[in-house]
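The values are calculated or read from the model by the stated rules, or taken from the named source; none is laboratory data. The model shown is predicted, which means the values in this text are computed figures rather than measured ones. Virtual Cβ from ideal backbone geometry, glycine too; neighbours counted across all protein chains shown.
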């Protein structure tokens, strides 16, 4: 399959290793990636809260860019997923907004039709065919690694429109990452308040980094209580919050038991044979040695 | 005039010339302030057949009614038209006036010039007056054709059916039986008792629930006039008040009624499963008694759990243990039918499944339980012998939290308040304090509803006993490894967040209509409220009647309520049912269908559309009406293409005369609307009561049901040059005559297609479903139609006049031809 | 307010029972004293104290995580309301500085994150192609036409 890749702003600049991971795993799973000159999605916690219409129009422009190529799009960030999907939905439903956006886009010579699908990476990889290929082609197993997931609020709420999962009908959370991790041989562990927000936006928007870290600490506490050895995320903002977050927290509380955080793309690429250097795993603030414990090529 | 001649005229007024009296009511300023009543009366006086026309201040008053009576006697009136308020208001009043004057009550016609005219056209006095004149003209046209009718009396069986054996059903059954009627009490569970049998103590008295219920249960079980059918479900109800035909299915019990409930069988049964009565907190065997005080006290076998199947016998331990030899594996489900005169529906409630609120971790965290599970635990006869314990480690909790409104007051779950949960929690907290005073109890609430007698006192006692009430429900429950629960939320009164750890959390779950009620609803064509409970005929004045005559409601089937209110309602329902049965007969309104066997071709179209199966083809292949089953909706009459069916008091001729009357002038500026008596006419009345203003172009013709509106009426209207026609009725699913309005829809679609095929604008015909509360919707429809009306070009109107005029001529020619044909040929079915 | 935010302007807010489940579920309410979704609905919608609420800087603590909306018994679009309120607040000058700067950066470069030589080097080392710049002129045009000028100089 051919699909355009929406990296978002953060990954290419701040975490290029994750982009490298994506470009490593894609061809090995039969996915051809197309690059498009996307702009900032824009962030659902940034511009949307400041000027809704500007956010909507810019998001529609991004959607046009992939539609012009006739390609579906896959995102690496829960925030980008929400922006693109919600925009798609609003333009389909709300006449006034649609007319406003169409008017703007027409002046750029663009027209939005809403004909393509928007995938978030984990749900793309969890598709039956691709998952089967993953199981077949992986060269490393994550067996013995106790890993938990954190999806990122913007991906799975509101749960009424969530198409991923639910893992447990009594507690609606997606299960695409769990399926991937199990396919990689890892042991998936649940923890309390798994659906709680990471708190990144509190720092990014309001600049309240202290308070933001307290939310991250709450999450880490429950992860530790459940015995997690690693955390898989699907969003760079959540990643920063937990990775850099734990570094900052452990400076204040040296006794804090930290656990490495990975973007799901990194884990999949690693299992498909990517080396630590290829993935630039050394850029992680919390050392990813736990991964080495499971598959000892990471020192 | 001499007495004899007058009497003759009154006895057969249809033979004599109509002598119509028209009374135009001012209704104070309600009508008089907008409509020029004098002018309307003057207009009426010039109409054919009108011998007297006057206007009065308050026609419904004593003097007003007396005048009518006097005029009937002195002026020899044999028809009366009252132009005033809605007939839904005063038709019964004026009908009685006519009766008192010796005139048949069906010779009254009312023109609605208040709700449908003066109140909705407050600022258009001229147009309103013209409209009032039209409405009166229509009424006079109908009045000319009215005939005296006799109402039939049908006998009422002296037997009642009570569906549901909870405390409400039991009470209703006992009251009816004590009043001397036979009662059949049907209960789908193996024992009567319902929810009340499961509770421990009642509020506010703190009585032991089963202790006060069990004697009533026993009484119901042995009452000479009550036939108790447990493990039985209603499968079908047909018929009508006084004569309901009921079919039930008895599920196989596999144990004979001479069981002495010794219990030896259960002791040896190898199979076990969670038991329903204890809400899964304890087990029972495959052969079991639902609970100790069960009535009937007969064991039963759950064949799904039993090792034996209907054809295979592998285990006979119970048979061996049974001294009385009452185990019957060859028992089978059986059907039974019987007839009753009245029905009381007391199907009760189930509780909300708290798993629908994932943030409270029900079924994921062991120590989160529901209020019903708590009742079973705290009950001395329950699975823990009355000890409150944590499911995770069987220890008694030192701290307990109650969370209110779980599954109530929420558009996500149930929008209504479940009435009993606040008091139930207060009672529960007092029970805990009574036994384990050191327990810390916190109640998280949105409101505390302690509205009843003695309730406020109990609330105070709880606070006095140290129960803490915190306003602000937890956002979520976090289960801890030791089984404790952390509750996070905001205590709004203290403007502070809380993070409380407790050892046991109890979810105060809401009540929802019992699952069995859906079937019952369909058979009895009962309406539901938005919450899913059965709707009563009038929420204030007829709180236990349903709109189906002879069917009453009692207990939580009508809405969540406590024991006292359930019992009160049950006695009320029994009394109401008793009123019908006591007189031994009910009167059927004289609006039923009559078939002319000469004209009937036996095509059977009427049979297909009758919602009550009240019309059928007899041996002579002619349609025949079962008078007592006929509700008078008129759907058959509209369906009949051969003019063989007359709808009494709402005949084709009367309706066509009304159409002709108002199209005498300026039909091109008018909208004809057909409104059904129960919903859309009431909706238009409601618009009037609420003084909603809408355009004056519309003239409403009332039928009992929108199913009465035949395509030929609409065609006549268009043939007479009416600009637009509106058909309105009840919402699909809410039709007072079950599903008659589905035929309305079908005919509407056909007419639209006809308009289109004839090259006319189909938008000139509109359909709208309007409920009795949707005055706004009716108003909006009229406004939209008027917008369209002013754009209709005269050529279009001429076209349709020609088109439909031609069709009518064709139809009349065919009818004449048919009438002229020799008798034998008429029996052939037309293509 | 020519381009009204009418997506979030519904009657449902009057169903609010003040049950406090929203505040009880909110991650920011736990850590930011003075941020309380329930109170915002009370004051803004039910009491009509709109101007006071719009001046509150704590509004920006909302992470738009949707937990409140997810659990509200009456399915009130609380996150939607808060987004609407933050939009209105921005127009009254109540906008955190770093957010303003991030948006200005996006208007200038098309992205919300600043590229730097270090990251370019790392990309090269990892064998990734250099960053593809989006058409920031188009982006600026859209921002201008959409009305962002009401809030900041573009």
| query | For the range C:71-94, how many residues meet the condition of being within 14 Å of chain B (Cβ to nearest Cβ) and part of a loop (DSSP other than H, G, I, E, B)? | reply | 6
| Right, residue C:121: over 30 Å from residue C:39 (Cα atoms) and either assigned to a loop (DSSP other than H, G, I, E, B) or touching a strand residue (DSSP E or B) at 6+ places or on another chain (Cβ under 8 Å) (or both) or not? | no
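Quick test for you: out of A:248, A:213, A:217, A:256, pick the one residue that is more than 19 Å from residue A:155 (Cβ to Cβ), at pLDDT 95 or above and more than 14 Å from chain C (Cβ to nearest Cβ).
Going through A:248, A:213, A:217, A:256 in turn, the sole match is A:248.
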| said: So for the range B:257-268 (the condition being part of a loop (DSSP other than H, G, I, E, B) and buried (at least 17 other Cβ atoms within 10 Å of the Cβ)), does at least one residue qualify? | reply: yes
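Could you identify the single residue in B:44, B:39 that is within 18 Å of residue B:122 (Cα to Cα) and assigned to a helix (DSSP H, G or I)? Full working, then the answer.
Details: B:44 fails: within 18 Å of residue B:122 (Cα to Cα).
Answer to the selection: B:39.
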| note | Within the range A:41-60, the residues that are within 7 Å of chain C (Cβ to nearest Cβ), more than 22 Å from residue C:61 (Cα to Cα) and touching a residue at least 24 places away in the same chain (Cβ under 8 Å) are A:57
| note | Scanning the range B:446-481 residue by residue, those out of contact with any strand residue (DSSP E or B) (no Cβ under 9 Å at 6 or more places or on another chain) and in contact (Cβ under 8 Å) with a residue 40 or more places away in the chain turn out to be B:452, B:453, B:454, B:455, B:457, B:458
| task | Please go through the range B:393-431 and pick out each residue that is over 30 Å from residue B:530 (Cα atoms) and assigned to a loop (DSSP other than H, G, I, E, B). | result | B:393, B:394, B:395, B:396, B:397, B:398
| Has the range B:432-445 got any residue that is touching a helix residue (DSSP H, G or I) at 6+ places or on another chain (Cβ under 9 Å), assigned to a loop (DSSP other than H, G, I, E, B) and within 20 Å of residue B:368 (Cα to Cα)? | yes
| the range A:87-109, residues that are crowded, with 18+ Cβ neighbours inside 10 Å and closer than 18 Å to residue A:39 by Cβ | A:87, A:88, A:91, A:101, A:104, A:105
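Just to check your reading of the model, which residue among A:179, A:228 is outside any helix (DSSP H, G or I) and more than 14 Å from chain C (Cβ to nearest Cβ)? Quick ask: steps written out before the conclusion?
On the way: A:179 fails: outside any helix (DSSP H, G or I).
Every option except A:228 fails the conditions.
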| Which ones in the range B:492-507 are within 22 Å of residue B:371 (Cβ to Cβ) and without any contact (Cβ under 8 Å) to a residue 60 or more places away in the chain? | B:498
| said: Please pick out the residue among B:674, B:642, B:650, B:686 that is part of a strand (DSSP E or B), touching a residue at least 12 places away in the same chain (Cβ under 8 Å) and in contact with a helix residue (DSSP H, G or I) (Cβ under 9 Å, 6 or more places away or on another chain). | reply: B:674
| Restricting attention to the range C:60-70, which residues are more than 7 Å from chain A (Cβ to nearest Cβ) and either in a loop (DSSP other than H, G, I, E, B) or surrounded by fewer than 24 Cβ atoms within 10 Å (Cβ to Cβ) (or both)? | C:62
| Number of the exception - residue A:101 against (1) assigned to a helix (DSSP H, G or I); (2) at the interface with chain C (Cβ under 10 Å from one of its Cβ atoms); (3) under 20 Å from residue A:164 (Cβ atoms) | (3)
| field | Test: residue in the range A:50-57 that is farther than 18 Å from residue C:154 by Cβ and crowded, with 24+ Cβ neighbours inside 10 Å | value | no
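So, in the range C:95-118, of the ones that are assigned to a loop (DSSP other than H, G, I, E, B) and more than 7 Å from every other protein chain (Cβ to nearest Cβ), which residue ends up farthest from residue A:237 (Cα to Cα)?
Within the range C:95-118, the first condition is being assigned to a loop (DSSP other than H, G, I, E, B), and the residues that meet it are C:95-96, C:110-116.
Filter once more, so that each one left must be more than 7 Å from every other protein chain (Cβ to nearest Cβ): C:114, C:116.
On the way: C:114: 15, C:116: 19 Å.
Residue satisfying both the conditions and the ranking: C:116.
Okay, residues lined up against (1) in the same structural domain as residue A:44 (by TED's automatic domain parsing); (2) touching a residue at least 60 places away in the same chain (Cβ under 8 Å); (3) surrounded by fewer than 24 Cβ atoms within 10 Å (Cβ to Cβ):
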| residue | (1), (2), (3) |
| --- | --- |
| A:116 | yes, no, yes |
| A:131 | no, no, yes |
| A:158 | no, no, yes |
| A:183 | no, no, yes |
| A:199 | no, no, no |
| A:207 | no, no, yes |
| A:212 | no, no, no |
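Within the range B:536-549, is even one residue in a helix (DSSP H, G or I) and surrounded by fewer than 20 Cβ atoms within 10 Å (Cβ to Cβ)?
Filtering the range B:536-549 down to residues in a helix (DSSP H, G or I) leaves none.
No, that holds for no residue.
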| In the range B:444-465, which residue that is away from chain C (no Cβ under 14 Å) and closer than 24 Å to residue B:396 by Cα is surrounded by the most Cβ atoms within 10 Å (Cβ to Cβ)? | B:462
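Scan A:203, A:283 and give me the residue that is in the same structural domain as residue A:170 (by TED's automatic domain parsing), under 19 Å from the mean Cα position of the chain (by Cα), more than 28 Å from residue A:167 (Cα to Cα) and buried (at least 19 other Cβ atoms within 10 Å of the Cβ).
On the way: A:283 fails: buried (at least 19 other Cβ atoms within 10 Å of the Cβ).
Just a single option satisfies the conditions, and that option is A:203.
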| query | Just one of the numbered conditions (1) buried (at least 21 other Cβ atoms within 10 Å of the Cβ); (2) farther than 22 Å from residue A:178 by Cα is not true of residue A:64; which one? | reply | (1)
| query | How about the range A:259-299: which of its residues are within 19 Å of residue A:234 (Cα to Cα), at pLDDT 90 or above and assigned to a loop (DSSP other than H, G, I, E, B)? | reply | A:259, A:260, A:272, A:274, A:280, A:284, A:285, A:286
| request: Looking for whichever is without any contact (Cβ under 8 Å) to a residue 40 or more places away in the chain, outside the structural domain of residue B:165 (by TED's automatic domain parsing), surrounded by fewer than 22 Cβ atoms within 10 Å (Cβ to Cβ) and not in a strand (DSSP E or B) here; the options are B:313, B:390. Which one fits? | output: B:313
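Does the range B:321-371 hold any residues that are over 27 Å from the mean Cα position of the chain (by Cα), in contact (Cβ under 8 Å) with a residue 12 or more places away in the chain and within 14 Å of chain A (Cβ to nearest Cβ), and which are they? Don't jump to the end; show me each part of the working.
In the first step, residues of the range B:321-371 are kept if they are over 27 Å from the mean Cα position of the chain (by Cα); the result is B:321-335, B:354-371.
Narrowing further to those that are in contact (Cβ under 8 Å) with a residue 12 or more places away in the chain: B:321-324, B:326-329, B:331-335, B:354, B:356-357, B:359-362, B:364-371.
Of everything in the range B:321-371, those that are over 27 Å from the mean Cα position of the chain (by Cα), in contact (Cβ under 8 Å) with a residue 12 or more places away in the chain and within 14 Å of chain A (Cβ to nearest Cβ) turn out to be B:354, B:356, B:357, B:359, B:360, B:361, B:362, B:364, B:365, B:366, B:368.
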